[in-house]
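Shown next, in structure tokens, is the structure this report addresses.
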């Protein structure tokens, strides 16, 4: 059971039921409230939980950013809860548009966080890739299949873990000189990936791998975000194989995530190439996120 504020406790696996309980009246549509994401990124985000006015509040203390609360969870949300969160650390971040709309009575500053927007797509659209706007994607897949006619696409299994981790190292090696992929990014992503395999069954993860000559050359791992939506937490593929990213996502939407009407491909984190790639699939919607901070009172004139 979460402690009452001002006490906190680190989020542990057994606390996920409390998160789900407080989410029951608010179907999550952003990846921050995916139970799987909360656990696999735990070592980087270092989440702590507390109860304020009966609302579950998650304090995120990431390694690369000052602490912030996610938007408080609960059926009834008094403004006093929001004020307490802002008083404690000065900001609520990754807040949804619907949440910010409830705070008109507060003196706050709302800032758009474009780099944190989630990309939402219709799974069927990415599975079929119909129309001229997807000509390039279909050509990439067609050419990949011609070059690698014997590739295998399989459900992710424990015996593929080492192959997936080896592929991750290859994928990161070509990016390590970029300012978007510092050494800390390697450590945090690798740790999150290892946790995803560790808790794969407990978190009800869904994944697949693409193999060429029995070696893992691409894989995806996701989990259910809400009744209609799967959140894709990881998508890695060998950078030297043209068309493999397009083929991997196409296969996943046809054979792995086909029971969900929507797929959330999460944020682009301001990485130009990633943003371009995600926009090229024509998202149905960008799930906007915001940062909320109190407006500082101006000192009275002397």
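The values are calculated or read from the model by the stated rules, or taken from the named source; none is laboratory data. Given the structure is predicted, the values throughout are model-derived calculations rather than measurements. A quick note on method: Cβ atoms are made from the backbone with ideal geometry, for glycine too, and the neighbour counts reach across all protein chains shown.
The table for this structure:
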quantity: Residue 170 being surrounded by fewer than 18 Cβ atoms within 10 Å (Cβ to Cβ) and either over 26 Å from residue 268 (Cα atoms) or in contact (Cβ under 8 Å) with a residue 60 or more places away in the chain (or both); calculated: yes
quantity: Inter-residue pairs, beta-carbon under 8 Å, first farther than 17 Å from residue 37 by Cα and in the range 254-267, second in a loop (DSSP other than H, G, I, E, B), 6+ apart; calculated: 260/228; 261/228; 262/228; 262/284
quantity: Failed criterion for residue 221 (all others in (1) within 25 Å of residue 65 (Cβ to Cβ); (2) modelled with pLDDT of 95 or more; (3) in a loop (DSSP other than H, G, I, E, B) hold); calculated: (3)
quantity: Number of positions in the range 74-96 that are more than 19 Å from residue 296 (Cα to Cα) and modelled with pLDDT of 95 or more; calculated: 3
quantity: Residue within the range 26-37 that is in contact (Cβ under 8 Å) with a residue 12 or more places away in the chain, out of contact with any strand residue (DSSP E or B) (no Cβ under 8 Å at 6 or more places or on another chain), surrounded by fewer than 17 Cβ atoms within 10 Å (Cβ to Cβ) and not in a helix (DSSP H, G or I) present; calculated: yes
quantity: Candidate set from the range 262-287 (those that are assigned to a loop (DSSP other than H, G, I, E, B) and under 13 Å from the mean Cα position of the chain (by Cα)); member that is surrounded by the fewest Cβ atoms within 10 Å (Cβ to Cβ); calculated: 269
quantity: Test result for residue 115, over 27 Å from residue 269 (Cβ atoms), at pLDDT 95 or above and assigned to a helix (DSSP H, G or I); calculated: no
quantity: Scope the range 60-72; condition over 12 Å from residue 86 (Cβ atoms) and assigned to a strand (DSSP E or B); matching residues; calculated: 60
quantity: Count of residues meeting criterion [in contact with a strand residue (DSSP E or B) (Cβ under 6 Å, 6 or more places away or on another chain) and either assigned to a strand (DSSP E or B) or more than 16 Å from residue 211 (Cα to Cα) (or both)] in the range 123-152; calculated: 2
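The rows are residues; the columns are (1) touching a residue at least 40 places away in the same chain (Cβ under 8 Å); (2) more than 21 Å from the chain's Cα centre (by Cα); (3) over 22 Å from residue 264 (Cα atoms).
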position: 15; (1), (2), (3): no, no, yes
position: 41; (1), (2), (3): yes, no, no
position: 56; (1), (2), (3): yes, no, yes
position: 65; (1), (2), (3): no, no, yes
position: 74; (1), (2), (3): yes, yes, yes
position: 86; (1), (2), (3): yes, yes, yes
position: 89; (1), (2), (3): no, yes, yes
position: 95; (1), (2), (3): yes, no, no
position: 102; (1), (2), (3): no, yes, yes
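For every residue, the table says whether it meets (1) in contact with a helix residue (DSSP H, G or I) (Cβ under 8 Å, 6 or more places away or on another chain); (2) closer than 20 Å to residue 219 by Cα.
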{"residue": "68", "(1), (2)": "yes, no"}
{"residue": "84", "(1), (2)": "no, no"}
{"residue": "90", "(1), (2)": "no, no"}
{"residue": "101", "(1), (2)": "no, no"}
{"residue": "109", "(1), (2)": "no, no"}
{"residue": "120", "(1), (2)": "no, yes"}
